[in-house]
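One structure below.
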Amino acid sequence: MLLIALGLASCLSPAHAAFINGQNYVPLVDWARANGLKCFWLKRGDEIVAANRATRLVFDKDSRMVEVNGINVALSFPVAADRGTPLIAQLDLNTAVRPLLSPPKAADAKRITTICLDPGHGGKDTGNHTFWRSEKTYTLALALELRDQLKKVGFNVILTRSKDAYVDLPDRPALANRRGADLFVSLHFNATQTGKNEVEGPETYCITPVGASSTNARGEGSGYGPTAANRFEQRSLLFAYQVEKSLVQNLRVPDRGVRRARFAVLRDAAMPAILIEGGYMTHPAESKRISSVTGRRQMSLAIVKGILAYQRLVSPPPPPVVTKPPVKNPPVTKPAATGTGTNKISTKNQTR
Ligand SMILES: [Zn+2]
């Protein structure tokens with residue numbers, strides 16, 4: 001209790017904004033208070049919590065990872081501390097924290113109808129290669145399973161490739177743009193040379209904010225300037241968060257977090273776009289899930305649930321059902337035995 005009290009006292013001590021690493025940093029406690037959150041050190045000088053009854057954020061000093069309601073999200077800049085007072089980059093509050101706590105309600109939001117799936121690699125580009133199999137084989141198998149499941153819940157699905165063929169990276173988001181897709185999902189699997197028995201779990205990427213460096217230096221585009229995808233970066237982050245959360249919770253796997261990168265397939269997408277690294281082909285248990293039909297079905301189900309959760313947060317409500325006034329003196333007709341069923345089917349078909 002004493003430690004917590006000391007922590008509270010320290011957290012609440014007056015501090016000023018600072019300029020660190022070329023970024024404006026603000027006291028975390030000021031931001032937390034303005035947003036109805038209490039801020040305290042969980043582990044003195046190490047872990048900082050900002051929480052209320054609905055939200056719990058856990059920051060680590062000198063770390064770029066923040067836990068947002070149980071899911072890891074990469075910040076662009078590490079959390080700092082000045083004389084015991086935690087500081088956070090204003091850019092991270094704007095581009096990583098706020099979009100998740102107050103999901104953007106875009107006035108131009110339209111219903112999600114078409115989803116573009118991008119099975120990573122293909123043809124001469126094998127991707128990661130382990131246990132006699134290539135990443136390109138698994139990404140296509142996952143995409144085909146995911147396509148079937150998304151169709152079952154009513155989405156239109158387009159694929160950047162439906163066979164083992166090479167497709168240039170820029171052509172993948174270009175197809176999604178041309179076909180007016182509402183979401184873009186690139187599918188990949190990870191591999192590691194070290195710690196093969198330890199490193200496992202999904203990562204979900206979305207575009208890096210303007211002026212920040214990516215979580216993963218690999219795949220970084222040129223410069224730190226804006227890309228087409230930055231117009232949708234807030235919704236892409238929310239989308240990535242919902243999919244990562246669903247994968248972690250439904251597959252019960254370690255959470256490697258929502259991360260940021262200017263991958264070629266993400267930066268030109270003119271719609272919310274994510275890249276899923278669905279697990280490690282080098283991990284013994286995870287490679288079994290990736291290479292099995294059942295495992296990929298579970299993974300697809302989790303991704304579908306994530307997409308539906310995102311849809312509930314951003315999509316406008318369905319149009320109100322217009323009920324026709326009752327017809328006076330309806331003509332008397334003899335109902336056919338299968339009449340009701342036939343009507344139901346024809347109504348359903350009209351709405352597709
Ligand atoms: Zn890949």
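Key figures for this structure:
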quantity	calculated
Residue list for the stretch 260-276, restricted to those being within 14 Å of the ligand (Cβ to nearest atom) and open to solvent by 20 Å² or more (accessible area, probe 1.4 Å)	F263, A264
Identity of the residue in the stretch 265-276, within 14 Å of T160 (Cα to Cα) and not in a strand (DSSP E or B), that ends up nearest to the chain's Cα centre (by Cα)	L266
Which numbered condition G127 misses (of (1) more than 16 Å from the ligand (Cβ to nearest atom); (2) touching a Lys or Arg at 6+ places or on another chain (Cβ under 7 Å))	(1)
Count of residues meeting criterion [more than 10 Å from the ligand (Cβ to nearest atom) and among the basic types (K, R)] in the stretch 130-148	2
Output for the stretch 52-71, where each listed residue is crowded, with 17+ Cβ neighbours inside 10 Å and not charged (D, E, K, R)	L57, V58, F59, M65, V66, V68, I71
Residues located in the stretch 166-220, provided they are touching a helix residue (DSSP H, G or I) at 6+ places or on another chain (Cβ under 9 Å), of a type in the set (S, T, N, Q) and away from the ligand (no atom under 16 Å from the Cβ)	N177, N197, T208
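For every residue, the table says whether it meets (1) in a loop (DSSP other than H, G, I, E, B); (2) within 14 Å of V185 (Cβ to Cβ); (3) open to solvent by 20 Å² or more (accessible area, probe 1.4 Å).
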position	(1), (2), (3)
I112	yes, yes, no
C116	no, yes, no
K136	no, no, yes
T139	no, yes, no
A143	no, yes, no
R147	no, yes, yes
L150	no, yes, no
G154	yes, no, yes
V157	no, yes, yes
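The values are calculated or read from the model by the stated rules, or taken from the named source; none is laboratory data. Owing to the predicted nature of the structure, the values given are computational and were not obtained by experimental measurement. Glycine also receives a Cβ, built like all others from the backbone with ideal geometry; neighbour counts cover every protein chain displayed. Ligands, DNA and RNA are stripped out before the accessible areas are found, and what is left, the full protein with its side chains, is counted by its heavy atoms. Shrake-Rupley method; radii C 1.70, N 1.55, O 1.52, S 1.80 Å.
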